[in-house]
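Accompanying notes for the structure given below.
The values are calculated or read from the model by the stated rules, or taken from the named source; none is laboratory data. Here the structure is a predicted model, which is why all the values come from computation and not from measurement. Note that we place each Cβ from the backbone using ideal geometry, even for glycine, and neighbour counts take in every protein chain shown.
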Amino acid sequence: MRTKATIAITAVMALLLGWQHLDGGVPAHHLLADPALPALSNWWGLLTLPALAWILLGRIERRRRAAPTAAHGDFAAFTGALVFGAILSLLFTAGQHGATDTMLLVLAVLAVFYPVYRAASVLGFVIGMTWTFGAVLPMIAGGLFAAAGWAIHHGVRFLVSRAMVLRR
């Protein structure tokens, strides 16, 4: 599965870049949408997205081997994160910054109850945003959101467990 999915992701990225190249040129995106900061070309996605897919699909496979019943939600997590990333990109492109801020708050609340930091979620999120922002910026954002999601998920659970112990 890992090899076939990585090849498919590479092929889709190559088709996207080919289409962009023929349709006016491959865009570059500035960090934090600030022209004073460096711009990253979408061409980098041909290298980075397959590498990310290979790494994260390996993590997904290891998780499935270690806990087959716990891994049933990977497809749902991937799909949900894919849709979330695509909607976030669409709203950002439409200039709906209030809605994007709200979505990030929803993500933080969701992280309390669901491990949004897992590989399937990160991969879906990055792929969902790649059409709009290339692959590199969503990878950076996905890494930051995964780290924050891990801290929120485990931090809140730790604090709740400590509060329960202290109440006894």
Inset, instruction - Report yes if L91 is free of Cβ contacts under 8 Å to residues at least 40 places away in the same chain, touching a Ser or Thr at 6+ places or on another chain (Cβ under 7 Å) and assigned to a helix (DSSP H, G or I), otherwise no. - result: yes
Legend entry - Residue satisfying condition, being surrounded by 12 or more Cβ atoms within 10 Å (Cβ to Cβ), more than 16 Å from G142 (Cβ to Cβ) and either among the charged types (D, E, K, R) or at pLDDT 95 or above (or both), within set T48, T6: T6
Inset, instruction - Just give me the residues in the range 108-132 being surrounded by 23 or more Cβ atoms within 10 Å (Cβ to Cβ) and assigned to a helix (DSSP H, G or I), in sequence order. - result: A111, A120, S121, V122, L123, G124, F125, V126, I127, G128, M129, T130
Legend entry - Residue that is aliphatic (A, V, I, L, M) and within 16 Å of the chain's Cα centre (by Cα), where the choices are A51, A11, A28: A51
Legend entry - Evaluation of L105 against (1) touching a helix residue (DSSP H, G or I) at 6+ places or on another chain (Cβ under 9 Å); (2) part of a helix (DSSP H, G or I) (one fails), failing number: (1)
Inset, instruction - Looking for whichever is part of a helix (DSSP H, G or I), farther than 17 Å from V122 by Cα and more than 18 Å from the chain's Cα centre (by Cα) here; the options are L17, L46. Which one fits? - result: L17
Inset, instruction - Check the range 133-145 and report whether any residue there is modelled with pLDDT of 95 or more and exposed (fewer than 12 other Cβ atoms within 10 Å of the Cβ). - result: yes
Inset, instruction - Among the candidates S121, S161, single out the residue that is over 20 Å from L56 (Cβ atoms), free of Cβ contacts under 8 Å to residues at least 60 places away in the same chain and of a type in the set (S, T, Y). - result: S161
Inset, instruction - Count, please, the residues in the range 62-90 that happen to be surrounded by 15 or more Cβ atoms within 10 Å (Cβ to Cβ) and under 17 Å from A8 (Cα atoms). - result: 2
